[in-house]
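Notes follow once the structure below has been shown.
What follows is calculated from the coordinates using simple rules that are stated; it is not laboratory data. On a predicted model such as this, the values are computed, not experimentally measured, just so you know. Virtual Cβ from ideal backbone geometry, glycine too; neighbours counted across all protein chains shown.
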Amino acid sequence: MRARKCPRPVAAACGAVLAVFAASAGGCARAPSSQALSPDAAATALEGRRLDDPRLLAFISAAERLEPGAVAPSAGPPSWTLRRLTLAALYFHPDLDVARSALAVAEAGKVTAAERPNPSVALVPPPFLFGAVVNAVIETGSKRSERIANATALADAARQDLITAGWQVRSGVRDALLALWTARERAALLAAEAAPARRLVAAQEARLAAGAADAAEVSAVRIGVMNVASAMSDAARAEALAEAKLAAAIGIPLAALSGVALDFDRIAHPPVLAADLAPGDAEGEAQGGGVEGRLRRAALLGRSDVKAGLASYAAADAALRAEIANRYPNLTLSPGYNWYQGINTYAIAPGFDLPILNQNQGRIGEALARRNQEAARFLALEARIIAALDQAGADYRAAEAGLHAADALLALEAARAGEIARAFRAGAADQPTALAGEVDEAHARLSWLDARVAELAAIGELEDALRQPLFDPGATLPDLAPPPRAEFAGAALPAHP
């Protein structure tokens with residue numbers, strides 16, 4: 001029996017279907033090429049980072065021009081202030097690359113959420129029978145709009161997470177710079193204490209040889225000198241560790257800080273806190289008013305992690321609404337054509353899932369639980385912010401009181417040392433007494449430094465709680481979404497399709 005040939009119209013239809021299939025298989029979107037990571041290239045790129053990188057300096061200059069009250073940059077090497085070190089960290093730090101990548105994933109999710117289901121086609125090949133059925137899915141209800149709302153909220157949360165990462169990077173730079181300034185100041189004050197302490201040992205040893213002092217007095221001053229030497233060793237270690245932490249906070253190797261002149265002015269002498277920033281007493285705070293009540297409200301409403309929490313809740317709420325919409329089945333339209341022994345048949349068959357065995361209760365329950373989880377996380381976040389503000393305010397008040405006490409003690413010790421020095425010059429006091437007065441004054445200066453550092457650390461805690469720059473008021477974070485560098489782990493970022 002000879003097979004019946006496929007009629008010319010049917011053959012043309014076959015070719016058309018095959019052409020559509022080939023076009024859809026090829027696609028119109030350009031797929032990104034594969035890209036391998038090279039540990040060696042990544043390490044080389046990281047080790048090659050420097051603060052004199054022309055691209056970094058251009059980034060810093062552009063960011064500074066956008067700030068209020070910006071002035072033209074001076075000629076010559078830049079002064080590496082807290083602000084410029086922070087900008088360098090925003091340029092280099094890998095945590096921002098991670099947060100920026102998360103934002104890119106969330107933005108791509110918005111495209112995915114907006115996509116509509118592709119139709120499918122089923123073919124019955126000739127020669128005896130030819131047919132084709134196209135299945136087109138029509139989403140019902142608000143499923144697509146809720147998906148888009150969910151993806152948009154997730155992208156908003158990722159953007160706020162990026163800002164939070166920027167603040168955390170700034171906090172790390174500030175803390176490391178404060179630790180480095182503290183270590184260098186302590187080393188200088190210990191050196192100032194060591195000189196008269198050593199002379200005091202020599203003087204007491206001379207008195208011991210002359211029979212004017214006992215061995216216990218000499219041992220006491222010797223122990224004092226040894227304690228100062230041990231403290232100097234600790235200060236040198238703290239300085240080296242602080243330098244390494246500062247390099248890590250910026251995202252550069254330690255060698256890149258060699259020979260860099262750091263400006264500690266903003267760290268050592270921050271501006272006096274404004275009346276609406278300096279924490280007051282706790283009486284008005286309990287009523288939710290007063291200065292700290294306003295600070296608490298500003299932080300609870302304006303911090304980036306608060307906005308991220310609100311966006312995450314909005315995403316969970318949209319996901320819940322999407323699952324509720326999924327209770328209603330989608331409509332599938334299946335127009336088809338069939339040719340059999342010269343007979344052309346056309347049909348359209350609607351179809352849909354039958355919600356008999358379940359009505360999506362499980363997924364709705366999961367989505368509801370996730371939304372409740374996001375609400376609980378948000379309340380926990382606000383509780384942490386309130387606690388951080390309370391602790392920072394209490395710490396600042398205590399540190400400020402401690403600094404006032406240290407100021408008074410230092411003034412008394414300085415006055416006493418001056419009186420002893422005048423008495424020594426007048427012959428009314430011996431040299432060991434005068435040297436002991438110098439040692440006591442130097443030790444009081446160390447105590448004052450500890451109190452000052454405690455106050456500066458408290459200001460840093462307050463800055464973290466408020467997410468407002470207190471050491472350099474007016475400084476703002478630049479737009480962190482565009483990557484400032486064209487390299488990622490030692491390789492160029494792939495082009496966006």
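Remark: region 102-110, residue by residue, has Karplus-estimated 3J(HN,Hα) of 4, 5, 4, 4, 5, 5, 5, x, 5 Hz, where x stands for each Gly or Pro and the curve is 6.51 cos²θ - 1.76 cosθ + 1.60 at θ = phi - 60°.
Put simply, the Cα atoms of region 160-278 extend 74, 41, 23 Å along their principal axes, the longest span coming first. All other residues whose Cβ lies under 14 angstrom from that of ARG207 are scored, Lys and Arg at +1 and Asp and Glu at -1, for a net of -2. Residues VAL105, VAL124, arranged from fewest to most other Cβ atoms within 10 angstrom of their Cβ, appear as VAL105, VAL124. Direction-averaged projected area, Cα convex hull, region 391-481: 8.1 nm², rounded to one decimal. The protection proxy used here, the mean number of other Cβ atoms lying within 10 Å of each residue, ranks peptides 198-209, 30-41 as follows, highest first: 198-209, 30-41.
With R₀ fixed at 60 Å, the C-beta to C-beta distance from SER219 to ALA369 puts the FRET efficiency at about 0.30.
Please report Rg over Rh for region 113-165, where both radii come from the alpha carbon positions and Rh follows the Kirkwood definition.
Values: Rg = 20.2 Å, Rh = 14.6 Å.
On the Cα set of region 113-165, Rg over Rh gives 1.38.
Give me log10 I(q)/I(0) at q = 0.09 Å⁻¹ for region 80-469, Debye formula, one equal scatterer per alpha-carbon, no solvent. Evaluating at q = 0.09 Å⁻¹ gives log10 I(q)/I(0) of -0.78.
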